[in-house]
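Read the structure below first, then the notes.
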Amino acid sequence: MRKPKGVVAVYDSGPDEGIDRYTLVLSLDYTANVGYRQMLGMSGSPSHPQGVSQFGEGLWGDHLGKRIKFQDLPENVQAHAIARLTD
């Protein structure tokens with residue numbers, strides 16, 4: 001699947017690091033906090049009723065986990081991200 005426009009980085013915090021395992025850093029920079037970026041945090045099953053898929057803002061960096069390619073995300077996470085980030 002093709003990475004949605006506006007995704008500038010993808011991070012994987014690993015299976016043992018909480019419910020929002022994957023973080024997509026977005027190019028949107030209209031936050032009130034200087035240096036912060038818009039992000040989409042997701043669990044491994046973001047479309048599941050008990051899954052997580054939440055927009056927020058934060059500092060971009062290695063504290064988000066290991067940087068990976070969009071294509072390295074599980075297919076269900078890729079499809080969910082594409083649906084959330086495109087019209």
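Values quoted throughout were computed directly from the atomic coordinates according to the rules given, and no laboratory measurement underlies them. In this text, all values refer to a predicted model and were calculated from it rather than measured experimentally. FYI the Cβ positions are ideal-geometry reconstructions off the backbone, even for glycines, and counts take in every protein chain you see.
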Checklist entry - Quick one: which strands (runs of 3 or more DSSP E) sit completely within segment 3-78 and have at least 3 residues that are among the β-branched types (Val, Ile, Thr)? => result 7-12
Checklist outcome for this item: When every residue in segment 34-78 that is loosely packed, with under 14 Cβ neighbours inside 10 Å and among the small types (Gly, Ala, Ser) is compared, the one farthest from Met1 (Cα to Cα) is Gly35
